[in-house]
1. Test residue 66 against the criterion of being in contact (Cβ under 8 Å) with a residue 12 or more places away in the chain and over 18 Å from the mean Cα position of the chain (by Cα), and give yes or no.
2. Quick check on the stretch 162-202: of everything there that is within 19 Å of residue 115 (Cα to Cα), polar (S, T, N, Q) and in a loop (DSSP other than H, G, I, E, B), which residue is nearest to the chain's Cα centre (by Cα)?
3. Might you check whether a residue that is within 27 Å of residue 41 (Cβ to Cβ) and in contact with a Ser or Thr (Cβ under 7 Å, 6 or more places away or on another chain) occurs anywhere in the stretch 179-196?
4. Among the listed residues 62, 78, 138, identify the single one that is assigned to a helix (DSSP H, G or I), in contact with a strand residue (DSSP E or B) (Cβ under 8 Å, 6 or more places away or on another chain), in the same structural domain as residue 39 (by TED's automatic domain parsing) and closer than 26 Å to residue 216 by Cβ.
5. Within the stretch 81-120, take every residue that is among the hydroxyl-bearing types (Ser, Thr, Tyr) and outside any helix (DSSP H, G or I) and give me the one that is surrounded by the most Cβ atoms within 10 Å (Cβ to Cβ).
6. If I go through the stretch 165-184 residue by residue, how many of them are free of Cβ contacts under 8 Å to residues at least 12 places away in the same chain and either of a type in the set (Phe, Trp, Tyr) or under 20 Å from residue 111 (Cα atoms) (or both)?
Amino acid sequence: MKTGALIRCIGLCLLCLCLPCSAVATERILALSPHACEMLYAIGAGPDIVGAVDYCDYPEAARQLPRIGNYTGINLEAALMLKPTMAVISGTSTQQEQLKSLGIRVIRSAPQSVDAVLTDIRRLGSLTGHARQANALAANMQKRLDRLAKIKQGNPRRVFYEIWNDPLQTVGGTGFINDLLQRTGLKNVFASIRLETPRINIESVLHAAPDVIIIPSEHRDVAARKRFWKQWLGDDIRIIVVNPDLMHRPGPRIVDGMEVLQQALEEL
């Protein structure tokens with residue numbers, strides 16, 4: 001080898017040794033919740049995802065990911081075939097310990113507030129080598145949250161949020177959806193219940209006397225639900241229909257959901 005070529009070769013080798021690991025190798029990530037999947041794509045780690053669970057459907061590219069499970073669990077054999085180095089999960093389970101025992105780094109993301117969503121976005125950015133994009137995303141979301149906070153509210157409207165209709169479930173005083181409602185200038189009529197999604201009865205809703213009913217457009221006959229609430233609460237009851245993907249996933253689109261909700265409130 002000529003001297004010049006040898007020097008160039010040595011130089012390239014030294015450069016590779018000096019580069020941070022994230023520049024020469026990427027993680028192989030399992031996205032084991034829809035909101036984690038959205039976070040990873042939003043911070044630029046989408047190409048690093050090798051497998052996902054059902055309902056990981058945003059952005060469009062996520063629909064093409066190999067499926068290795070759902071909310072009830074994952075297929076460990078199928079997951080291992082993808083040779084993952086990291087898994088982002090939303091809960092704790094025996095499978096979490098199994099993944100760890102197989103040498104897979106397990107990261108838990110289960111934000112219980114809007115601020116915690118931003119914290120998790122920054123944390124995932126740092127852990128996956130996408131800190132710059134994650135920090136920029138979180139900063140942009142914070143600016144939009146600050147703008148929402150400046151919108152003047154009179155007396156907070158009393159809201160009943162219908163998480164599910166059979167059995168009837170609502171939003172309690174814990175979890176990020178309650179926080180989202182409060183930060184949008186609403187008073188959750190069941191915030192005193194220290195559960196995330198408690199079951200209730202119709203008599204409790206009537207006694208709470210909400211001003212606004214929020215109905216997610218998910219797996220239910222929305223028109224029938226509107227008729228139901230008007231029958232019980234009168235034709236004057238205000239009803240807002242929301243996209244559950246924007247409201248129920250503690251990910252990067254949560255501020256979109258808050259802005260849409262705020263706009264709907266202004267139009268009532």
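1. Values: in contact (Cβ under 8 Å) with a residue 12 or more places away in the chain: yes; over 18 Å from the mean Cα position of the chain (by Cα): yes.
When the stated conditions are applied, residue 66 passes them.
2. Filtering the stretch 162-202 for residues within 19 Å of residue 115 (Cα to Cα) gives 171-188, 191, 196.
So of that shortlist, the ones also polar (S, T, N, Q) come out as 174, 178, 182, 184, 188.
This time we only want the ones that are in a loop (DSSP other than H, G, I, E, B), so: 174, 184.
Working: 174: 16, 184: 17 Å.
Among residues in the stretch 162-202 that are within 19 Å of residue 115 (Cα to Cα), polar (S, T, N, Q) and in a loop (DSSP other than H, G, I, E, B), the one nearest to the chain's Cα centre (by Cα) is 174.
3. Just the residues of the stretch 179-196 that are within 27 Å of residue 41 (Cβ to Cβ), to begin with: 179-181, 183-184, 196.
From what's left, in contact with a Ser or Thr (Cβ under 7 Å, 6 or more places away or on another chain): 179, 196.
Yes, the stretch 179-196 has at least one match.
4. Values: 78 fails: closer than 26 Å to residue 216 by Cβ; 138 fails: in contact with a strand residue (DSSP E or B) (Cβ under 8 Å, 6 or more places away or on another chain).
After ruling out the rest, the residue left standing is 62.
5. Taking the stretch 81-120 as the starting set, the residues that turn out to be among the hydroxyl-bearing types (Ser, Thr, Tyr) are 85, 90, 92-94, 101, 109, 113, 119.
Still in the running and outside any helix (DSSP H, G or I): 85, 90, 92-93, 109, 113.
Working: 85: 15, 90: 16, 92: 11, 93: 13, 109: 24, 113: 17.
Residue satisfying both the conditions and the ranking: 109.
6. Let us first name the residues in the stretch 165-184 that are free of Cβ contacts under 8 Å to residues at least 12 places away in the same chain, namely 166, 182.
Narrowing the set further to residues that are either of a type in the set (Phe, Trp, Tyr) or under 20 Å from residue 111 (Cα atoms) (or both) leaves 182.
Going through the stretch 165-184 one residue at a time, the tally reaches 1.
Every residue, every condition in (1) in contact with a Leu (Cβ under 8 Å, 6 or more places away or on another chain); (2) surrounded by 17 or more Cβ atoms within 10 Å (Cβ to Cβ), yes or no:
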position	(1), (2)
190	no, yes
195	no, no
215	no, yes
218	no, no
223	no, no
228	no, no
232	yes, no
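The values are calculated or read from the model by the stated rules, or taken from the named source; none is laboratory data. This is a predicted model, so every value here is computed, not measured. We place every Cβ from the backbone using ideal geometry, glycine too, and count neighbours over all the protein chains shown.
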